[in-house]
Each structure stands twice: as C-alpha cells, then as structure tokens.
C-alpha cells in the first residue's frame, strides 16, 4: 500500500504534516496516520488565540478503535481552526492533506521547520 | 507466550486484514474499515472468523448434571438442537465467564467459552467432575474447530447460497446440522451483533472452504465490538472480570440467565443477592457533550466518582458516543444525567435504557 506524501509539506515522526504559506503554517495528520487510525469520529482542537508549542501535544484525534494525541510541528499562536471537523471528522480520512486540515499556526521560529522531516525522510520512516 | 492463530490466519493475512492480539489469539481486527463492516452487518450481511472462541464438548451419562452444576441456567431443560446463554460463576456468584451451551442434535453438549478461557474451563469441568464423581467426558476441542459467524438481515440468504437445504427453519437459539459446501457444520441461530444471523461450528480443516463460500463482507473484531456494544451485549473480561472487576449476573443485567431452582456453584450467594437486591447495576450511557467515553474512564455526579466505564465507543449506527458503566442503582434510571471524565474534562452523559440498538 502506498500513501500520499505531498512534496510541499514537512513531517513529524508522530505523523503530523506542516505546510508553510508565508508566515502561517497549516497542520494536519498524514495519510498514513489516518489509515492507521481508521474511521475518525472525534477531533479535539485548541481555540483561535491559543498558543501551541513545538513538539507539544495540542489536540486529540479519536477513531472508533483508538485515541491519539496530535503534536505541534512549530510554536506559535493558533490563527484558524478547522471547525468543519467537529461535525464531519471523517474529512480527516477522506482528505487528510486538504479538507481534513486541523489548525493554522502563526510561525514564530523558522528554525523549527528545518528540524522536521523532509518528504523522502518521512517516506522511509513509514516504509 | 506465542499467539494462537486461527485456521484462517494465512487467508486473513493475504486479504490484507489488520491483525490484533485478543485473548491470546492473533485475530483480524479490520478488513476494510470498522464503519464499512459495521454498516454491512446492520444493512445486509457480514462474516466473522470467531475461531478464537473455545469449544468444549461434554458427553456421557452425567454430562447434563455436570454442566448444570457449573453454569447458572437450567441445562436439563435443553432438548437436542437447543442452545442456551449462561454465566459461569464462582462460589461468590461472580462471573468467571459467560457462555452459550449447545445441546447437539446427537444429544451431547458443546459449550463455547470466550477467547482464552477454554483451558481454564476445561480444567474446571474436569476438576468438578472428579470431585463430584460424575460420569462425563470433557474434551477441549478448541484447536480442532473453526467457528464462523454470518450476521445481518441477509444472513440466511447468504448462508442458503452455500448450503444444501434451507436454514430459515432453524429458530433463534436452536442448532441443526447442514451441509455447507460439502462440509458438515453445526449451524446455530445465535450471534453477538444484535442482528439475525448464524454461527457455524465445524472441522478446522474446512475453514477456508466455508469462509470463501460465504459471499458477504468480511468483518473483524473491531466491528464485532461496536455491534455488540450497540446491542448491549457484555464482553467477558472487560465488562466483568473475576479478578479486576468481579460482578454477579444481576449487577451485569443478565439476571435472566440465573435459575435459582437449579443447584450450581455460586447459587447460594446469588440467592442472597437476589433477596437483598444489588447496590450497583450496569447502565447504558449516551454522551450529550462531544467526546468518546472509553474503558476505564471515570463516571461522576457533582464531582464525586460513582463508577467507571467498562466499554465505550462511537456508535456507527446511532452517531453518538455510547458506553457501559456500573453505577449505584439510584443513578441507573434512564434519563439520569451524569458526567464522564474524558481526559480530565467533564462531559455530560445521560443514562440510556439497554440495548442502545435493537432491530
């Protein structure tokens, strides 16, 4: 089985992706992660204005069979939350890198992005 | 300890099933997705490999008496072809396991302990047989049997496509032999999903032929768990556990399996419970706030702990988070509001009559 690993993202060993757009970093969980979890039924996310910290837990994703913490790829203030997931958590399964995104973070330290995994590094991790 | 594998192990691996450890066995947890499998059983039909369930055959002149004295129900009431749900209790009336006892058409008995309980059950039966000087043969046939469940509103159609004769004449909690693609199988109208359906018991060597002949959605233990929880069925070891959460059948909401007119281990303790009433009883919970209650989560009223969730999931059929918990009887009235602590946060929940779902 092969999983989608877009080239415009960087990755965490804990299976989150980070996609930079100017000073904003969009965050979600990977195709591999959603497949491992199975049917996502619940997502717990911070609120706009909350601060999250690099490599610290910021939310929870639950499937029918498992509960999993989600970790922040970068530190910063949350500028947007994908509220669509509260009513349609299955978007995480259907489109993990698109409509299944979780939060936007205002980037405060570019260096934090550099320590994340490049697509090919993440690919070899899940191989 | 190495895991026991069902006869269909290689078939499941080839089908790409995700495997998990359960009761000492390596079993498929998911073939496609839990939701897909769950919906197939509610709306059409699904097949489950449940060969991790035990099979203990009891025969001989005192077979009925031995079974009767080790289970809570009245085994002597079983005619050939009948099946009965019962609890296996200790001297305190606490459930060691729950089981279905089949009186086979030829007259002897086969009972099905839960995964990982077969060796203990076998030993328990032999020890008591010897102590009571009964004449009965007890054989643990778990390794030589395959067990496959076909469940769902279309289960009889699916099964009839693979059999030589009708199966619809087999009534609920009855069993008869049928030729299933040339395999002699005991076909019982029992199950663990809350739907109509059948469980097939037959020679392990024929597992692949029977499995392949059943043309419906393959299902794993993941959907088996969501289906049974919606139907309000208990999971042995999780919703009651003689070591970590000892419960009697009255507390567990299955007092109907206790026949105090019969003589069995635990009978006197259960007669006293029946007389005095229980302090706690299992209750269904539906979460009103967003979240999922899971095994081990605390249940509280006004900040005071009153119980613990034994099973919980997001119900695929109802679209709500549902759970089972033992609560003091004063909180078990449907409509009562309690809180479930989900990762330290109080989530409102409402006591709901069981089952959560019935067809």
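Some observations on this one:
- Counting only DSSP H runs of at least 4 residues, each contributing -39500 (n - 2.57), and dividing by the residue count of chain A, the helix-based mean residue ellipticity at 222 nm comes to -4500 deg cm²/dmol.
- Across chain B, Cα pairs under 8 Å and at least six residues apart give a relative contact order of 18 percent.
- Label-to-label distance, nm, for residues given as residue B:79 and residue A:86 (7 Å Cα→Cβ offset): 5.9 nm
- Approximate spin-label separation residue B:126-residue A:3, in nm, with each point projected 7 Å along Cα-to-Cβ: 4.7 nm
- Legend: ranking of residues B:118, A:99, B:205 from fewest to most surrounding C-beta atoms inside 10 Å; resulting order B:205, A:99, B:118.
- Potential extension, residue B:329-residue B:263 segment - 0.36 nm per residue separation minus Cα distance: 20.9 nm
- Residues listed by number, segment A:1-35, amide nitrogen under 16 Å from residue A:120 label point at 7 Å toward C-beta: A:5-11
- Likely footprinting exposure, A:27, B:41, B:183, fewest C-beta neighbours within 10 Å first: B:183, A:27, B:41
- Diffusion constant of segment A:1-41 at 25 °C, which comes from Stokes-Einstein with the Kirkwood Cα-pair radius and 0.890 mPa s, µm²/s: 222 µm²/s
- Going from the fewest other Cβ atoms within 10 Å to the most, the residues A:101, B:132, A:17 appear in the order B:132, A:101, A:17.
- Its residue count N fixes a reference of 2.2 N^0.38 Å for segment B:167-208, and the Cα radius of gyration divided by that reference is 1.16.
- CD proxy at 222 nm, helix term only [per DSSP H run n ≥ 4: -39500 (n - 2.57); per residue of chain B; nearest 500]: -5500 deg cm²/dmol
- With 10 Å bins from 0: P(r) over segment B:210-348, alpha-carbon pairs, percent: 11, 37, 30, 16, 6, 0
- Inter-part distance where segment B:37-71 and segment B:293-359 are each reduced to a Cα centre, Å: 29 Å
- For segment B:56-140: rounded, prolate or oblate by the Cα gyration tensor [a/c cutoff 1.5]: rounded
- Per residue, the convex hull around the alpha carbon atoms of chain B comes to 135 Å³.
- Label positions at residue A:51 and residue B:119, each projected 7 Å from the Cα along the C-beta direction, are separated by 5.5 nm.
- Debye log10 I(q)/I(0) for segment A:10-109, one point scatterer per Cα, at q = 0.20 Å⁻¹: -0.91
- Whole-Å distance, taken between Cα centres, linking segment A:11-82 and segment B:270-291: 38 Å
- Sorted from longest to shortest, the spans of the Cα atoms of the protein assembly as shown along the three principal axes equal 83, 54, 40 Å.
- Paramagnetic label zone (point 7 Å from Cα along Cα-to-C-beta, residue B:106; backbone N under 18 Å) in segment B:196-218: B:200-206
- Debye equation applied to the C-alpha atoms of segment B:279-352, log10 I(q)/I(0) at 0.13, 0.26 Å⁻¹: -0.28, -1.22
- Computed from the alpha carbon atoms alone, the convex hull of segment B:154-285 holds 160 Å³ per residue.
- 11 Å cut-off, amide nitrogen to a point 7 angstrom out along residue A:79 Cα→Cβ, residues in segment A:97-127: A:104-108
Every number here is computed from the coordinates shown, using simple stated rules; none is lab data. Predicted model, so just to flag it, every value in this text is computed and none were measured. Virtual Cβ from ideal backbone geometry, glycine too; neighbours counted across all protein chains shown.
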